[in-house]
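Scroll down for the structure; my scribbles are underneath it.
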Amino acid sequence: MTVGMAPRLSLLGKFVVLSLLATVLLAVAIGSVLHERIERRALDNAERLTRVIGDLTIAPRLTETQLEGDLRAPVLAALDAAVARVSTGDGAVRHVNLFTPDGRKIYSDDRAQIGPVVFSDNVREAFAGRTRSEIERSHDDFGDRADETTLEVYMPLRLTENGPIAAVLE
C-alpha cells in the first residue's frame, strides 16, 4: 500500500491559477475606478442641474426683502410652478428646499418642512460659498430608511451675479 501525497500542480496549472487571480484582481480594480467615475459624473450633473434651477428659476423670483420674512402663498405657488417646469421627468428632481442664513427653511415642496431648522454641515458649507454634493444611499435627511439612492446638492444662492450669498438651495 502506498501513502497518498497531495497531487502537485504542474507548471501549467500554476500559470492558470495565477492568471485567474490576476484577472480577478484587475477586474475588481477596474470596476472600482469606473464606479467612482460614474458617481462623480452623476454628482457633477446634479450640481449643474441645481445651478440651473437656482440661477434661472429660483433667484429671479425672489428679493432680499422676501428672504427676510416668510414667503407668501403666491410666491410659494410661483416657485412650485417654476420648479415643476424644470423637472426632467423620472423623479430627477425629488425635492427642493431653500434655507436662509438666519436658520429657516423658507421654501420646500413639502410645506410641513418649512420653518426653523438646525443646519447640517452641508448647508453650513454652502453658506460659506462651497457647493456640496453627496450620494445618499440608505437614510434620508431625517435618519429614516430611504428606498432609493439619491443625489443631494447644496448650492449657495445669490440673487444677483457676484452678489452675497442670500440662501442655500438644496
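What to note about this one:
- If you wrap the Cα atoms of the range 1-75 in a convex hull and average its projected area over all directions, you get 11.7 nm².
- The range 49-60 - phi-based ³J(HN,Hα) in whole Hz, Karplus 6.51/-1.76/1.60, Gly and Pro as x: 4, 5, 4, 4, 4, x, 6, 9, 10, 8, 4, x
- The relative contact order of the chain, computed from alpha carbon pairs under 8 Å that lie at least 6 residues apart in sequence, is 22 percent.
- Degrees between helix 73-86 axis and first principal axis of the chain (Cα, 0 to 90, nearest 10): 40 degrees
- Peptides 10-22, 61-73 ranked from most to least packed, by the mean per-residue count of other Cβ atoms within 10 Å: 61-73, 10-22.
- Reported label for calculated mean projected area of the Cα convex hull in nm² given [x] 12.1; [y] 12.6; [z] 16.7: [z]
- A simple charge model with +1 on the Cβ of Lys and Arg, -1 on the Cβ of Asp and Glu and nothing else charged puts the dipole of the chain at about 740 debye relative to its Cα centre.
- Dividing the Cα radius of gyration of the range 59-125 by its Kirkwood radius returns 0.96 for Rg/Rh.
- Per-residue ellipticity at 222 nm from helix content only, as computed over the chain with -39500 (n - 2.57) for each DSSP H run of at least four residues, stands at -13500 deg cm²/dmol.
Every number here is computed from the coordinates shown, using simple stated rules; none is lab data. Since the structure is predicted, the reported quantities are computational estimates derived from the model, not experimental observations. Cβ: placed from backbone, ideal geometry, glycine included. Neighbour counts: every protein chain shown.
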